[in-house]
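What follows is a set of notes on a single structure, which appears directly below.
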Amino acid sequence: MATPTMEKTAAKTDVSPYITVTFRVRRFNPELSDEAQWQDFQVEIDPKERVLDGLHKIKWDMDGSLTFRRSCAHGICGSDAMRINGKNRLACKTLIKDINPEKPITVEPIKGMTVLKDLVVDMEPFFQAYRDVMPFLITSGNEPTRERLQSAEDRERFDDTTKCILCAACTSSCPVFWNDGQYFGPAAIVNAHRFIFDSRDEAAEQRLEILNDKDGVWRCRTTFNCTDACPRGIEVTKAIAEVKRALITRRY
């Protein structure tokens, strides 16, 4: 078998994996203007890298004033939810090659929440709705001396809704939430579902009454935007329907 020459080997390694991608970012700085504007950045990047990597290159090498949230960068914390090419996604899970890098990649903040600066929005109303549904185990009686046991079947009943990472991708994709920020939103209902159907919890009735409010679960119009937007694959619309059914039947 012939041994490759040094010239051929060198020629192969000279091929660069990088391409030039246009990032079109919606910028907003309340200290400079009341209006948002689009700004283009030309980024040299490997298409196998993520949108978050591109934003890092912009912030670290081009414009340090670009503002966005991120934390773990591995699709666990949910910090970097944003609209990428018109869809809610996690920037840390979205590969450049998967969103047609031959055209400008548009990046803007999630909808329905007040923009504080660039891609950062005010998440307080979102987290207040989450707190309002009491997303924690509530029981009566003395504190147990050992773990509260639960069958595999009982655990499976609410397994899907335990996956929520509070990224707000589902809530900020909801047309009802866009038009009325008082609506609890899909994420709050999902986290209520997680405890309503937990066999160890004793506050299902309280949560159901909270969601029976005019701004609660009945505002859902079943557009499936939330399910499509969820980066964890949670069947959000199904969970909302199950909460509605529990309200009617009082069976959970």
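The values are calculated or read from the model by the stated rules, or taken from the named source; none is laboratory data. Note that the coordinates shown come from a computational prediction; the quantities given were computed from them, not determined experimentally. Here the Cβ positions follow ideal geometry from the backbone for every residue, glycine too, while neighbour counts run over all protein chains shown. With ligands, DNA and RNA removed, areas are computed over all heavy atoms of the protein, side chains included. Shrake-Rupley method; radii C 1.70, N 1.55, O 1.52, S 1.80 Å.
Descriptive notes on the structure:
- Where a residue in the stretch 163-178 is on the phi > 0 side of the Ramachandran plot and its partner, wherever it lies, is in a helix (DSSP H, G or I), with Cβ under 6 Å and at least six apart: A168/F126
- Scanning the stretch 171-188 for residues that are closer than 13 Å to D213 by Cβ and more than 15 Å from the chain's Cα centre (by Cα) gives D180, Q182, Y183, F184.
- Among residues of the stretch 31-59 being in a helix (DSSP H, G or I) and not aliphatic (A, V, I, L, M), the one that is least open to solvent (accessible area, probe 1.4 Å) is G54.
- Taking the numbered list (1) over 17 Å from I240 (Cα atoms); (2) in contact with a Gly (Cβ under 9 Å, 6 or more places away or on another chain) in turn, A169 passes all entries but (1).
- Residues of the stretch 85-100 satisfying the condition of being surrounded by fewer than 19 Cβ atoms within 10 Å (Cβ to Cβ) and either under 21 Å from S173 (Cβ atoms) or modelled with pLDDT under 95 (or both): N85, G86, K87, K93, L95, D98, I99, N100
- Matching residues in the stretch 60-97 - criterion: being part of a helix (DSSP H, G or I) and of a type outside the set (F, W, Y): D61, M62, I96, K97
- Close pairs (8 angstrom Cβ cut-off, 6 or more residues apart or separate chains): of a type in the set (S, T, Y) in the stretch 195-208, assigned to a helix (DSSP H, G or I) and open to solvent by 20 Å² or more (accessible area, probe 1.4 Å) anywhere: S199/D154
- Enumerated helices (runs of 4 or more DSSP H) restricted to the stretch 111-188, each holding at least 2 residues that are of a type outside the set (S, T, Y) and open to solvent by less than 70 Å² (accessible area, probe 1.4 Å): 124-132, 175-179
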